[in-house]
Amino acid sequence: MTSPFSTQSLAFLRGLKRHNDREWFRARKADYEQHVRAPMLAVIERLADEFRTFAPEMVADPRVNLYRIYRDTRFSEDKSPFKTNIGAYFPARGFPKGAGAGLYFHVGPAEVLIGGGLYMPASRDLLTLREHIVADQRGFERVLSARAFKDAVGGIQGQRLTRVPRGFAKDHPAAEHLKLKQFLGLRTFPAEFAVTPRFYPELVTIFRAITPLVRFLNDGLRG
C-alpha cells in the first residue's frame, strides 16, 4: 500500500525545522498543504473506515484530530511560530475535549511516532485509574501481557513515582503499575519510514495493539 506521505513531505518538515519563521512558511504554504496536510487528511480518512473494525468508539474526523501547525507561544520561552511535525490525536467518544485516553501519531523531520494511552491525567483521574487497576488487576495484566501489545510497543511506558502512592499498600501485587503517572504505549521509527509501503499497515497494527489499553483506561475513567 502506497503511503500518502512522500519525500517532499519530509523535505518540507526538515526545511521548516531549519527555517522556522513566518515568511519562509508563507512562501511555501502551498507545499505544506499539498505534501504535509493533505497526506495527513488522507490517513485520517482511511482510519475512519479502519476504526469501525476494531475501535468504533474512536473519533476519526480532521476537525477533531488534526493538530494545528501553528504553535501557541504565549507562555513559552521558545517563540518559534510553527511545529516541525504534523500530528493527529484520536480521542474516544463521550469525553470532554482533552480528556480520556486516545491514539496518536506524528510524522516529523527525524522520526515517526505512533502510540496511545493517557499522557498526563489530572490528579483525580490518576487516583481513579489506580483504583481501577486495583479493582481489575487481572484485566490490566492481560492488556499488558498480550502478545500483540508487547510486539507492537514492548510494554507500558511513562513517567512513574519512585514509591507506591499514598493510600495504597507498599506490597500490593500491582505496586509497580500504581507508580505510573502516565499510561503510554509508544513506538518510534526513522522519519523515512513514513514514505514506505509499510507505514500505514504498521500504523494500523500498532493502533490495534494499543486499543485494549486505551479501552481499559477509558472504562476506568467512565466508572
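What is the gain in length, in nm to one decimal, between residue 63 and residue 135 on full extension, counting 0.36 nm per residue of separation less the C-alpha to C-alpha distance? Spell out each step's value before the answer.
Details: separation 72, 0.36 × 72 = 25.92 nm, distance 3.63 nm.
That works out to 22.3 nm of additional length.
Report the calculated FRET efficiency for residue 93 and residue 170 (r = Cβ-Cβ distance, R0 = 35 Å), to the nearest 0.05.
Details: r = 38 Å, r/R0 = 1.08.
Taking R0 as 35 Å, the efficiency between residue 93 and residue 170 is 0.40.
With contacts defined as alpha carbon pairs under 8 Å and 6 or more residues apart, what's the relative contact order of the chain in percent? Numbers along the way, then the final one.
Numbers: 331 pairs, mean separation 55.6, N = 223.
Once divided by the residue count of the chain, the mean separation gives 25 percent.
If I compute semi-axes √(5λ) of the Cα gyration tensor in Å from the structure I just sent, which labelled value in (i) 36, 18, 15; (ii) 34, 20, 15; (iii) 25, 22, 18 lines up?
Only one option fits the structure, namely (ii).
Under a 5 Å amide H to amide H cut-off, with H placed in plane at 1.01 Å, what residues pair with residue 180 once short-range neighbours are removed?
Residues meeting the amide H criterion: 161.
Can you work out the Karplus-derived ³J(HN,Hα) for every residue in region 124-140? Use 6.51 cos²θ - 1.76 cosθ + 1.60 with θ = phi - 60°, whole Hz, and x for glycine or proline.
In residue order, the calculated couplings are 5, 6, 5, 4, 4, 5, 5, 5, 5, 5, 4, 6, 9, 4, 5, x, 5 Hz.
Contact order normalised by length for region 153-223, with contacts defined as Cα pairs under 8 Å and 6 or more residues apart; what percent is it? Working shown, then result.
Working: 42 pairs, mean separation 21.9, N = 71.
The normalised contact order for region 153-223 reaches 31 percent.
Residue-wise, which Karplus ³J(HN,Hα) couplings in Hz belong to region 171-184, taking 6.51 cos²θ - 1.76 cosθ + 1.60, θ = phi - 60°, and x for glycine or proline?
9, 4, x, 9, 3, 5, 6, 5, 6, 5, 9, 9, 10, 10
Size of the dipole of region 85-223 about the Cα centre, Lys and Arg at +1 and Asp and Glu at -1 on the beta carbon, nothing else charged, in debye to 20?
Values: 19 positive and 11 negative charges, 73 e Å.
For this selection, approximately 360 debye.
Subtract the Cα-Cα distance of residue 2 and residue 198 from 0.36 nm times their separation in residues, and report this length gain in nm to one decimal. Don't skip to the end; give the middle numbers.
On the way: separation 196, 0.36 × 196 = 70.56 nm, distance 0.82 nm.
Gain on stretching residue 2 to residue 198: 69.7 nm.
With every protein chain present, what accessible area does residue 120 have (1.4 Å probe, heavy atoms only), rounded to the nearest 10 Å²?
It works out to around 110 Å².
In nm, give the distance between the simple-model label positions of residue 29 and residue 161, each being 7 Å from the Cα along the Cα-to-Cβ direction.
With each label point 7 Å from Cα toward Cβ, the separation is 4.9 nm.
How far apart, in nm, are the 7 Å Cα→Cβ label points at residue 14 and residue 119?
2.6
Working out 0.36 nm times the residue gap between residue 75 and residue 150, then minus their Cα-Cα distance, what length gain in nm do you get to one decimal?
Values: separation 75, 0.36 × 75 = 27.00 nm, distance 3.77 nm.
Working it through step by step, the gained length comes to 23.2 nm.
Identify all lysines with a Cα-Cα distance to residue 29 below 20 Å; exclude those on the same chain that are fewer than 8 residues away in sequence.
The reachable lysines, counting only those whose Cα sits under 20 Å from residue 29, are 17, 79, 83.
Work out from phi, with θ = phi - 60° and the Karplus expression 6.51 cos²θ - 1.76 cosθ + 1.60, the ³J(HN,Hα) of each residue of region 34-46, listed in order in whole Hz, and give x for Gly and Pro.
7, 9, 10, 5, 4, x, 5, 4, 5, 5, 4, 4, 5
Using alpha carbons only, how many angstrom separate the centre of region 94-150 from the centre of region 183-223?
Each part reduced to its Cα centre gives a spacing of 10 Å.
Over the heavy atoms of residue 79, what accessible area does a 1.4 Å probe trace out, to the nearest 10 Å²?
120
With every protein chain present, what is the per residue accessible area of region 38-125 (1.4 Å probe, Å²)? Please list the in-between numbers first.
On the way: 4600 Å² over 88 residues.
Counting only protein heavy atoms, the per-residue value for region 38-125 is 52 Å².
By how many degrees, 0 to 90 and rounded to 10, does the Cα axis of helix 199-222 deviate from the longest principal axis of the chain?
40
Straight-line reach from residue 181: which lysines have a Cα under 18 Å away, not including same-chain ones fewer than 8 places off?
By straight Cα distance, residue 181 reaches 170.
Ignoring ligands, DNA and RNA, please state the percent of accessible area on region 1-156 from carbon and sulfur, probe 1.4 Å. Working shown, then result.
Working: 4280 of 8660 Å².
Using a 1.4 Å probe with all protein chains present, region 1-156 comes out at 49 percent carbon and sulfur.
The values are calculated or read from the model by the stated rules, or taken from the named source; none is laboratory data. Computed from a predicted structure; not experimentally measured. All Cβ positions, glycine included, derive from the backbone under ideal geometry; neighbour counts span all protein chains shown. Keep in mind that these areas ignore ligands, DNA and RNA; they rest on the heavy atoms of the full protein, side chains included. Shrake-Rupley method; radii C 1.70, N 1.55, O 1.52, S 1.80 Å.
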